[in-house]
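Notes follow once the structure below has been shown.
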Amino acid sequence: MKIVDLRCALLGENLVVRVVSDAGLSGWGPVEHTKPYLKSFVLLLREEIVGEDPTNVERVMLKIRPRGAFKPWGAAVSAVEIALWDLAGKAAGVPIYKLLGGKVRDRVRVYNGAIRAPMTRFEPEDYADSVRAMKAAPQGFTIVKQGIGFHSGMKLRPGFHYGEKRAGAFHGWLDRGLMTERGLKHLVACVAAMKEVLGDEIGLALDCGPGMVVSDAIRLGRALEPMNILWLEDMLSGDYIPFVNADVYREVTRATSTPVHTGEQIYLRQNFKQLIEGHAVRVVGPDPCDVGGIAELKWIAEYADLHGVLIAPHGIANGLLGLAALVQVCATLPDNYIAFELPWGRPDWWHDILVGLPAPIVEDGFIEVWDRPGLGVEFDVGKAQRYLPEEDAGFFD
Ligand SMILES: [Mg+2]
């Protein structure tokens, strides 16, 4: 089998990558909905992969892996990797999980941050209301994640921290610095209000930055110790920060029993080496759509497991194709797997154009692993076609 084309189109909010073979089969790959600008970057990979056998996934990856970098620049390579596995699975007539070593679980746990109403106020009662709604969701989530501190509008409160306010309500990488005592107390009060609602029935994870300084990260971890938080994510670096900071994370991890988590922006297993070997965090969170693909994520999970480090993959923006990819790989991970971050269709019509997902998708906080070849999902082309932008009209041809 040979690759004859690489295509990329914007479908709703997510770019979709299509690797076309000469055998009448195609593979699909997802790009986060936050990166519509990457289309031309994806297409630059076409000349490298045309003519290659897509079922030799690693040989193709050797050619294109050097074309990626930390988020957002690992996304194109990652989407192609997933599309290659989809093709390889279809060619072999087996689900991707079989090619990755087989499944070790029949259903995979997810955690929710995607299905929710946006917050407009950031007082303890608002955080309580937000998680109350997530607790009541029909998907029966067993873990929810909430943005706090620099990862939320909370940072706009007067006197939250000593630094400049640059990013507005958006979380990101522009606001950082030492928090005030008032800011830290407010943060802890908001977490306590959420725990009051969730009790010990539903696990609470917190996305916290990036932007905190080491002393505040340690203070926060220690203050939350009685609350048994699942993890504190990206306190120091993360999101779009193009470095890892393993030695600094290690200081925080060693100072508190509250688990510390990072890794969603990191590209390739090599860049997890110091975090894992140095026991710098308790949980890593690579995103298959940024790290270099699903096999890359599998290797990181295995290596983390050898070192007593847990894994909770990132995925909120990966759309329904990304959801399918996460199910395939997470079915194969060792028992250091906690849950993956559930992506959702954006807009809603994505749920009409993709065939093969379970209905309902999530039950009791889990997704049943399905058994069709490749990713196990296909487009209803008749329905999907009409949503293509004019410039991508030939995408499904
Ligand atoms: Mg995050």
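The numbers here are math on the coordinates, done by the rules we state, and not lab data. All values derive from a computational prediction rather than experimental measurement. Virtual Cβ from ideal backbone geometry, glycine too; neighbours counted across all protein chains shown.
Identify the GluC sites (Glu not before Pro) of the range 348-389 meeting these criteria: DSSP loop state and at most 12 other C-beta atoms within 10 Å of the C-beta.
none
Spelling out what I want: for every residue of the range 227-243, take phi, set θ = phi - 60°, compute 6.51 cos²θ - 1.76 cosθ + 1.60 (Karplus), and round to whole Hz; glycine and proline get x.
Working through the residues one at a time gives 8, 6, 5, 5, 6, 10, 9, 6, 5, 9, 9, x, 6, 10, 7, x, 8 Hz.
How would you classify the chain from its alpha-carbon gyration tensor, with a ≥ b ≥ c the square roots of the eigenvalues: rounded for a/c under 1.5, else prolate if a/b is greater than b/c, otherwise oblate? Intermediate results must be reported in sequence, preceding the final value.
Details: a/c = 1.76, a/b = 1.65, b/c = 1.07.
Because a/c hits 1.5 or more and a/b exceeds b/c, the chain counts as prolate.
Assuming 0.36 nm per residue, please report the length gained on full extension of the stretch L43 to V355 beyond their Cα-Cα distance. Mind dumping the intermediate values first?
Working: separation 312, 0.36 × 312 = 112.32 nm, distance 2.59 nm.
So the extension gain works out to 109.7 nm.
In deg cm²/dmol and to the nearest 500, what is the mean residue ellipticity at 222 nm of the chain if only DSSP H runs of at least 4 residues count, each as -39500 (n - 2.57), divided by the residue total?
So the calculated ellipticity at 222 nm is -9000 deg cm²/dmol.
Could you tell me the relative contact order of the chain? Use alpha-carbon pairs under 8 Å, at least six residues apart, and round to a whole percent.
On the way: 919 pairs, mean separation 79.1, N = 397.
Once normalised by length, the contact order is 20 percent.
Which of the chymotrypsin sites (Phe, Trp or Tyr not before Pro) across the range 162-252 are loop residues per DSSP, with 13 or fewer other Cβ within 10 Å?
Taking the range 162-252 and a limit of 13 other Cβ atoms within 10 Å, the loop chymotrypsin sites (Phe, Trp or Tyr not before Pro) found are Y162, F170, F243.
What is the dipole size for the chain, taken about its Cα centre, with +1 at each Lys and Arg Cβ and -1 at each Asp and Glu Cβ, in debye to the nearest 20? Write out the running numbers ahead of the final one.
On the way: 42 positive and 51 negative charges, 125 e Å.
Charge dipole, the chain, about its Cα centre: 600 debye, nearest 20.
Of V188, Q139, I276, which is farthest on the positive side of the dipole of the range 99-374, counting Cα position, with +1 on Lys and Arg Cβ, -1 on Asp and Glu Cβ, and the Cα centre as origin?
V188
Check which residues have an amide H placed less than 5 Å from A317's amide H, if you skip close sequence neighbours.
none
Restrict the search to the range 200-303; then list the GluC sites (Glu not before Pro) that DSSP places in a loop and that have at most 14 other Cβ atoms within 10 Å of their Cβ.
Details: sites: E201, E233, E251, E264, E277, E296, E302; in loops: E201, E264.
Of the GluC sites (Glu not before Pro), the ones in loops of the range 200-303 whose Cβ has at most 14 other Cβ atoms within 10 Å are E201.
Once Lys and Arg get +1 and Asp and Glu get -1 on their Cβ, which of N245, L45, H307 lies farthest toward the positive end of the dipole of the chain?
Of the options given, the answer is N245.
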